[in-house]
Amino acid sequence: MIQQPEPIGEAPIGRVVATELKPATPHQFHFWTATETSIGIGAIVRVEEGGGGKGEGGRVVYGVVTDGFAYSDLATPLHDVIGAEGDPARAAAAPTVRQEIRLWTAAVLRQIPEEPLQPVPLGRVHMASDADVAQALRMDAYLHRAKPTAIPVGLYTSGGLESPVYLDADFLVGPEAAHLNISGVSGLATKTSAVEFLLGSIFQHFPAHRGNVAAVCFNVKGPDLLFLDQAGQLEDEDRRRYARLGVEPGPFAQVHYYAPFKADGVNLNTLRTHADLVHAVEPLVWGLTEVLDYAEVLLNRDDIDAKADAFIDFLSDRVVRRDFDDGFGGQHRVETFADLERLFRGIFDGLEMASRGDIWRTHHIATIRKVRNRLGNVSTRCKGLVTDDGPASDLPWGKFADRTVYVIDVANVDPLGQDLVFARVVSKLREHLERRDLGVDAVVVFVDELNKYAPADGPETYVKKMLLDISERGRYLGLVLFGAEQFRSQVHRRVVGNAGTQVFGRMDSDELATPGYQVLSPATKIKLATLPIGELMVRHPHFTQPIFVRFPRPPVLRGRDGVERFPPAADLPFEDAVVRQLLRVAPSIRPNQIKDLIAGREEHDVRRAIGAVRRERPEDVLALFRRRLGGRVAPEAARERTAVPPLNPIAEEPY
Ligand SMILES: Nc1ncnc2c1ncn2[C@@H]1O[C@H](COP(=O)(O)OP(=O)(O)OP(=O)(O)O)[C@@H](O)[C@H]1O
Ligand SMILES: [Mg+2]
């Protein structure tokens, strides 16, 4: 049973002391308590001035304990040793127990009245009640107003008392401030769990008058975020905390999963492939038109090349999705990588035959080769995500739904592919939020392992620039970054610095010795280095000092429990995988009908036909599939027809 706050006027537990050496200041004070006390580092206390109680005109000060000391009346340890004649056993048996005191240092959280700002009075010290915690953390402003914007983040726990702590949605999701960063050591800091809990809390408490909110989570590690729609195991203690926080402990009701295909183009590249769950996973497949705008992601890796940039711009502005004449009599309509390859061939052959030198439409052949290489690189290295000629399957741009999580599984994707996914998804979110046509008003983007994507040092990659851009400007748009990493010092300063809310789990002591943590007292650092699982330190714009809170286990199935309960299915042979893809769209088709249709077909033709079905969602799936497969062709003819050379990352001439 939670001990409820004692009524105002309860007995004080301590008294402020100030000496010449340790005076009270407007921001810090010291107080003593009995040796037996429930006060500890992180406890919140209320100081009342003079004899009058709260509300009787005296100054009231709230503080959080940052350090503690114990000592006796001995001047030096020597006196104790001599008194016991050097024998610790005799010291314990001494007839008189030495007077011992507990002295605490507290940092001021809030003074009432706030002006004039004065040193803390030498008043009585009380344990904080729920109402005091709300006052001390300035939560009253957003908790008790006509339209509250409070989001429960955890329970402040001290001396048997538990008080809910709330973040202000206006400062967590915007527009006043935004973004959250969480750091701490692997496994003990509960970073991923804390974000899962908080997302649930946001979905339940984000105020209706602030609009709709959705979340896009990049799953970058194993099965971490792949079971957000499945209930996890909670203990009674967790349920009690949920009740105290006013959050319903249940898995997310609406979750959509996206994963690219494996290199075979039909089996999904995710661990959520168990037959009971795979239906919720949509393929993520992009073609040339989706990728071309983000070619900078690739070019930035080595060098910024204005000429290549200009050529890519030329391709997107003048060539792609238009009827285009290559100048050598070849007509092109470029919509896929394969079409683009045909155009490149046309240009190279044309230049060679016409002996027209090395320039085509002001672009040097070397630049053209370079762009061909880099683009070819994407479709080879990101096979399964980027297709040479299949149509796209994408997130529901413009149709994002309220309180829905979109999980994009890139855990098994090549780093280049991951960068591409980040770049495109975040840019599209930004574009749609700018135009206010995404479907929701705000999106929380959760990026785990942020140190990989926005490292403190290393080259300025496109993804890093983009994360910086969200950090600095996202709040005006409703684009909110929740980032997690083990070592905050390894993430770009402006990315962590712009996070309005900073959360810390158990920290590494070496990390705590880095300059970023100088503001914390030694005792707070020790507490951080030994923080138990499930406890966090939170900094939030309304709180003048960091506050420790406890949060319940997230209500969703943990990734590793998920793969145990729902073991991933083995990859299906090509034709079975095709059947499964089509059955998702039209469950009534008989598998054998599909198998008969695709027997002896080229795999890429089959993939293209599935892509068309997925995109067009026709009434008669089988008819469209059959039509898109085209007429059956003899193997030789087929080989000839697909004689377009595959995009090869290594050009025939070294560049
Ligand atoms: N509130 C909680 N109370 C008790 N245990 C918890 C709580 N939240 C999470 N845990 C447990 O802590 C463990 C680690 O959690 P989590 O995976 O979130 O850590 P992490 O910081 O993300 O680790 P990593 O850096 O390896 O990704 C999990 O096994 C989880 O069950
Ligand atoms: Mg994690």
Full extension from residue 209 to residue 514: what is 0.36 nm times the residue separation minus their Cα-Cα distance, to one decimal in nm?
105.6 nm
With the charge dipole of the chain built from beta-carbon charges (+1 for Lys and Arg, -1 for Asp and Glu) about the Cα centre, the Cα from 249, 274, 623 projecting farthest to the positive end belongs to 623
Can you give the accessible area of residue 434 in Å² (nearest 10), computed on protein heavy atoms with a 1.4 Å probe?
100
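Between residue 144 and residue 101, what FRET efficiency comes out of the Förster formula 1/(1 + (r/R0)^6) with R0 = 41 Å and r the beta carbon distance, rounded to 0.05? Provide the component values of the computation, followed by the final result.
Details: r = 39 Å, r/R0 = 0.94.
Efficiency at R0 = 41 Å is approximately 0.60.
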By the Cα gyration tensor axes a ≥ b ≥ c (a/c under 1.5 gives rounded; else a/b larger than b/c gives prolate, otherwise oblate), the shape of segment 104-161 is oblate
Cα-centred dipole magnitude for the chain, charges only on beta-carbon of K, R (+1) and D, E (-1), debye, nearest 20
940
Expected-Rg normalisation [2.2 N^0.38 Å, Cα atoms] applied to segment 158-197:
1.49
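On the accessible surface of segment 579-624, probed at 1.4 Å, how many percent belong to carbon and sulfur atoms?
Working: 1060 of 2390 Å².
The value for segment 579-624 is 44 percent carbon and sulfur by accessible area.
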Considering the Cα trace of segment 252-330, what is its radius of gyration and what is Dmax, both in angstroms?
18.6, 57
How many angstrom separate the Cα center of segment 538-574 from the Cα center of segment 403-468?
19
Assign one of three labels to segment 196-277, namely rounded, prolate or oblate, based on the Cα gyration tensor with a ≥ b ≥ c the square roots of its eigenvalues; rounded applies when a/c is under 1.5, prolate when it is not and a/b is larger than b/c, and oblate otherwise.
oblate
When the scattering of segment 551-591 is computed by the Debye formula from its Cα atoms alone, each counted once and equally, what is log10 I(q)/I(0) at q = 0.17 Å⁻¹?
-0.66
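Would you mind checking the pairs 191/221; 428/464; 191/452; 221/428; 191/527; 221/464 and listing those with alpha carbons more than 21 angstrom apart? Can you show the working numbers first?
Details: 191/221 13 Å; 428/464 16 Å; 191/452 16 Å; 221/428 23 Å; 191/527 17 Å; 221/464 19 Å.
Violating the 21 Å Cα-Cα cut-off are 221/428.
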In the chain the DSSP beta bridges are antiparallel at a rate, in percent to nearest 5, of 65
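How long are the semi-axes of the equivalent ellipsoid of segment 192-328, taking √(5λ) for every eigenvalue λ of the Cα gyration tensor, in whole Å from largest down? Intermediate results must be reported in sequence, preceding the final value.
Numbers: eigenvalues 365, 76, 42 Å².
Those come to 43, 20, 14 Å.
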Relative contact order [Cα under 8 Å, 6+ residues apart], the chain, whole percent:
19
One quarter of the C-alpha convex hull surface, i.e. the mean projected area of segment 285-439 in nm², amounts to 10.0
Mind listing the phi-derived Karplus ³J(HN,Hα) values for segment 84-95, rounded to whole Hz, using 6.51, -1.76 and 1.60 with θ = phi - 60°, and x for any glycine or proline?
9, 6, x, 10, x, 5, 6, 4, 5, 8, 4, x
Charges at C-beta only: +1 for Lys and Arg, -1 for Asp and Glu. How large is the resulting dipole of segment 405-449 about its Cα centre, in Debye rounded to 20?
240
Mean shadow area (nm²) of the C-alpha convex hull around segment 74-117 is 5.6
Summarise the accessible area of segment 96-185 (1.4 Å probe, protein heavy atoms) by the percent that is carbon and sulfur.
58
Taking Cα atoms, the helix 415-435 axis meets the longest principal axis of the chain at an angle in degrees (rounded to 10) of 80
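For segment 489-615, what is the convex hull (Cα atoms) projected area averaged across all directions, in square nanometres? Each step should come with its number before you reach the end.
On the way: hull surface 56.2 nm².
The orientation-averaged projected area of the Cα hull of segment 489-615 comes to 14.1 nm².
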Taking only protein heavy atoms and a 1.4 Å probe, what accessible area per residue, in Å², does the chain have with all protein chains in place?
45
By the C-alpha gyration tensor axes a ≥ b ≥ c (rounded if a/c is under 1.5, else prolate when a/b exceeds b/c, else oblate), the shape of segment 139-206 is oblate
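Using a 1.4 angstrom probe with every protein chain in place, what is the largest-first accessible-area order of 49, 485? Don't skip to the end; give the middle numbers.
Working: 49 75, 485 0 Å².
The ranking, largest first, comes out as 49, 485.
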What is the ratio of the Cα radius of gyration of segment 353-473 to 2.2 N^0.38 Å, where N is its residue count, to two decimals?
1.33
To the nearest 10 degrees, how steeply does helix 462-477 sit against the main Cα axis of the chain, on a 0 to 90 scale?
60
Between the helical axis of 236-245 and the dominant principal axis of the chain, each derived from Cα atoms, what acute angle in degrees is found, rounded to the nearest 10?
90
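Could you work out the percent of alpha carbon pairs in segment 12-163 separated by over 24 Å, rounded to a whole number?
On the way: 4991 of 11476 pairs.
So the pairs more than 24 Å apart make up 43 percent of the total in segment 12-163.
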Excluding ligands, DNA and RNA, the carbon-plus-sulfur percentage of the accessible area of segment 428-546 with a 1.4 Å probe reads 49
With no solvent term and unit scatterers on the alpha-carbon positions of segment 34-117, Debye gives log₁₀ I(q)/I(0) at q = 0.15 Å⁻¹ of -0.72
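Rg to Rh for the chain: what is it, with Cα atoms only and Rh by Kirkwood?
Numbers: Rg = 31.5 Å, Rh = 28.6 Å.
That ratio equals 1.10.
The values are calculated or read from the model by the stated rules, or taken from the named source; none is laboratory data. These numbers come from a predicted model, not from an experiment. All Cβ positions, glycine included, derive from the backbone under ideal geometry; neighbour counts span all protein chains shown. Just so you know, the surface numbers come from the protein's heavy atoms only, side chains and all, with ligands and any DNA or RNA stripped out. Shrake-Rupley method; radii C 1.70, N 1.55, O 1.52, S 1.80 Å.
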